[in-house]
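Here the structure comes first, spelled out in structure tokens, and everything after it is commentary.
The values are calculated or read from the model by the stated rules, or taken from the named source; none is laboratory data. Quick caveat: nothing in here was measured; it's all calculated off a predicted structure. Cβ coordinates were reconstructed from backbone atoms using ideal geometry, including for glycine residues, and neighbour counts include every protein chain displayed. In case anyone asks, the SASA skips ligands and DNA or RNA and just uses the protein heavy atoms, side chains included. Shrake-Rupley method; radii C 1.70, N 1.55, O 1.52, S 1.80 Å.
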Amino acid sequence: MSGRIHIDHFTTLDGVAQAPGGPDEDTDSEFAFGGWQAPLLDDTVGAQVDAGIQAMDALLLGRRTYDIFAAYWPHQLDGPAAGIARTFDSIPKYVASRGSPELGWRDSHLLGRDLARELTALRKRHREIHVIGSIDFARTLVADGLFDQLNLWVYPIVVGAGKRLFPDDGPPMALELLGAEPASEKGAVLLRYGPTGLVPTTGDMTRADP
């Protein structure tokens with residue numbers, strides 16, 4: 001078995017993925033739009049997200065996102081989002097951190113320092129491994145080519161400054177479109193991409209192909 005590592009991100013039209021869930025989720029650099037996704041949620045996105053969660057058999061998270069999830073989801077096992085909460089609770093959680101945090105959520109495991117080696121082991125152990133949020137960690141995965149699929153929910157909103165998966169300083173990379181879902185009721189579009197390597201040689205659009 002060779003498992004796949006997915007990166008799941010909710011992003012604005014200008015690429016900001018910071019703090020979609022709530023005002024106090026991430027206020028770094030005085031980010032003023034925490035919770036920007038909430039007014040744009042709808043049944044279509046909800047069904048897409050739920051389908052992805054039910055298919056996963058492992059969570060791979062950065063430390064900050066893990067702390068947010070661990071403080072919330074174990075307490076939702078009998079609530080309106082019980083289906084998601086029970087899936088998260090039942091599968092292994094793997095955490096990337098430079099420190100030595102206490103991981104109190106059941107079946108949580110700290111990754112070792114050799115990330116490439118750790119992810120190779122996870123691919124042998126699991127089929128569908130999802131990184132949700134965890135933007136700093138996700139940037140590392142993208143920069144090092146350590147992911148298999150990028151799932152982007154792009155929303156019709158522009159917020160300006162904020163954290164982006166693809167920062168201004170790169171790295172450059174080429175992607176192929178694996179699929180695009182029809183727009184949701186409130187205008188979000190799910191785009192699925194796979195990495196193909198470096199940006200291809202540039203060209204001149206004023207010259208016709210021979």
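What 222 nm value per residue comes from the helices of the chain, counting each DSSP H run with n ≥ 4 as -39,500 (n - 2.57) and dividing by all residues, nearest 500 deg cm²/dmol? Each step should come with its number before you reach the end.
Numbers: 5 runs with 52 residues, N = 210.
When only DSSP H runs of four or more count, the value is -7500 deg cm²/dmol.
Within the set of other residues whose C-beta is less than 14 Å from the C-beta of Ala32, count the net charge using Lys and Arg as +1 and Asp and Glu as -1.
Working: positive: Lys163; negative: Asp24, Glu25, Asp26, Asp28, Glu30.
Neighbourhood net charge equals -4.
Under 5 Å from the amide H of Ser108 lie the amide H atoms of Lys93, each residue being 5 or more positions distant or on a separate chain, with H modelled from the backbone and absent for Pro and chain starts. Once backbone amide H atoms are built at 1.01 Å from N, Ala58 has Glu128, His130 as its partners under 5 Å, excluding neighbours fewer than 5 places away on the same chain.
Using a probe of 1.4 Å, the accessible surface attributed to His109 totals some 80 Å² when neighbouring protein chains are kept in position. For Asp43, the accessible surface of its heavy atoms amounts to roughly 130 Å² (probe 1.4 Å, protein chains only, rounded to the nearest 10).
With all protein chains present and a 1.4 Å probe, how do Lys186, Lys93, Lys163 order by accessible area, largest first? Show your work: numbers first, answer last.
Values: Lys186 95, Lys93 0, Lys163 35 Å².
Putting Lys186, Lys93, Lys163 in descending order of accessible area: Lys186, Lys163, Lys93.
With a Förster radius of 25 Å applied to the beta-carbon distance between Asp50 and Arg106, the computed FRET efficiency rounds to 0.70. Tell me, which longest segment in the chain has none of the GluC sites (Glu not before Pro) that fall in DSSP loops with at most 15 further Cβ atoms within 10 Å? The answer is 1-101.
Leaving ligands, DNA and RNA out of it, rank Met205, Met173, Met56 by accessible area with a 1.4 Å probe, largest first.
From most accessible down to least: Met205, Met173, Met56.
Label zone of Leu191 (point 7 Å out along Cα→Cβ, amide N under 19 Å): in region 146-161 this covers 147-161.
Relative contact order for region 67-136 using alpha-carbon pairs under 8 Å, separation at least 6, rounded to a whole percent? All intermediate terms of the calculation are to be shown ahead of the outcome.
Values: 43 pairs, mean separation 14.3, N = 70.
It rounds to 20 percent for region 67-136.
Residues Ile135, Ile7, ordered by accessible area of protein heavy atoms at a 1.4 angstrom probe radius and largest first, appear as Ile135, Ile7. Rolling a 1.4 Å probe across the protein heavy atoms gives region 1-126 an accessible surface of 52 Å² per residue. Taking the charge dipole of the chain about its Cα centre, with +1 at Lys and Arg Cβ atoms and -1 at Asp and Glu Cβ atoms, the residue from Gly170, Ile5, Ala81 reaching farthest to the positive side is Ile5.
Take the alpha carbon atoms of region 115-153, find their center, do the same for region 41-83, and report the distance between the two centers in whole angstrom. Spelled out, the Cα-based centre of one part sits 17 Å from the other. GNM on the chain, alpha-carbon springs under 10 angstrom: the most fluctuating residue among Arg117, Arg127, Arg63 is Arg117. Taken one residue at a time, the phi angles of region 189-203 give Karplus couplings (6.51, -1.76, 1.60, θ = phi - 60°) of 10, 8, 10, 10, 10, x, x, 10, x, 6, 4, x, 3, 6, x Hz. Gly and Pro are set to x. Here region 12-136 has 51 percent of its accessible surface on carbon and sulfur atoms, given a 1.4 Å probe and all protein chains in place.
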